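The next block holds one structure in the form of structure tokens; read it before the comments.
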Amino acid sequence: NGEIGISYEYRDYASGGFSNTPETREYGGAVYSIRNWKLKKWGLASSLRWDIRNIVPRLNLTSSTIGKTRKRLFRGFSGGASLQHQPFNKWDITVTLMRSFRAPTVEELFSSGPHLAAYSYEVGNTDLDREKGLGIEVAASWDGPKLKLQLAIFENRYRNFLYAENTGSMSLRRADLPLYQVRGQNARFQGAEGNFLIPIHTH
């Protein structure tokens, strides 16, 4: 079982108020494929996606904080595969490998304005590169008549993880707000999560 498809997205960005983010048009497209196989106690799922994103500001401006606004084009692949096995009755074990791609958004590239809800002045970075990640997850679940358990451990590593960092300076436009700028840095996320479900009433 599976499917293939395409997607398209168009965005015409404009903001007012105290924002200095330039008006920008954004075009995005993708081709994807999803496949699933099942054989007795084994299951395999796979996915593959190719993205392209074109970000075009209506005006090319130069800023001392974000740099020179200009057309940016990003391409990249994402994909994943999950292998599922049922070694015993009511038990399932799944191992998932994944690769991710994410292009910077208009706000991450060109934003320049106060974010009053976070009490910060946030600016973009016109030189940002795409974000790429690799991850693995191992999950186990048990589905009993009166109790359901799930447990998973995971690790994700990113090259050029995009986030807003406190620069340690105050904004020149709003001296009462700390200046945050979007940066790219290698990062690692790891952890574990679990849950259990106990029905308290059945019909």
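This table checks each residue for (1) open to solvent by less than 80 Å² (accessible area, probe 1.4 Å); (2) under 16 Å from Val182 (Cβ atoms).
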{"residue": "Asn1", "(1), (2)": "no, no"}
{"residue": "Ser19", "(1), (2)": "yes, yes"}
{"residue": "Arg25", "(1), (2)": "yes, no"}
{"residue": "Lys38", "(1), (2)": "no, no"}
{"residue": "Trp50", "(1), (2)": "no, no"}
{"residue": "Asn54", "(1), (2)": "yes, no"}
{"residue": "Ser64", "(1), (2)": "no, yes"}
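Tell me which residues, restricted to the range 92-107, are open to solvent by less than 40 Å² (accessible area, probe 1.4 Å) and either at pLDDT below 95 or within 16 Å of Arg159 (Cβ to Cβ) (or both).
Phe101, Ala103, Pro104, Val106
May I ask you to verify whether Asn89 is open to solvent by 70 Å² or more (accessible area, probe 1.4 Å), free of Cβ contacts under 8 Å to residues at least 24 places away in the same chain and over 28 Å from Ala152 (Cα atoms)?
Considered against the rule, which asks whether it is open to solvent by 70 Å² or more (accessible area, probe 1.4 Å), free of Cβ contacts under 8 Å to residues at least 24 places away in the same chain and over 28 Å from Ala152 (Cα atoms), Asn89 comes out as no.
Within the bounds of the range 18-31, is there any residue that is touching a strand residue (DSSP E or B) at 6+ places or on another chain (Cβ under 9 Å), part of a strand (DSSP E or B) and at pLDDT below 90?
The answer is no; no qualifying residue exists.
Of the residues Ser7, Ser46, Ser15, which is closer than 27 Å to Gly135 by Cα, surrounded by 15 or more Cβ atoms within 10 Å (Cβ to Cβ) and polar (S, T, N, Q)?
Ser46 is the lone residue from the list that is closer than 27 Å to Gly135 by Cα, surrounded by 15 or more Cβ atoms within 10 Å (Cβ to Cβ) and polar (S, T, N, Q).
Restricting the range 108-164 to residues that are in a loop (DSSP other than H, G, I, E, B) and basic (Lys, Arg), which is surrounded by the most Cβ atoms within 10 Å (Cβ to Cβ)?
For the range 108-164, the residue satisfying everything is Arg130.
The values are calculated or read from the model by the stated rules, or taken from the named source; none is laboratory data. None of these values were measured; they are calculated from a predicted model. Using ideal geometry, Cβ is built from the backbone for each residue, glycine included, and neighbour counts are taken over all protein chains shown. Accessible surface areas use protein heavy atoms only, side chains included; no ligands, DNA or RNA. Shrake-Rupley method; radii C 1.70, N 1.55, O 1.52, S 1.80 Å.
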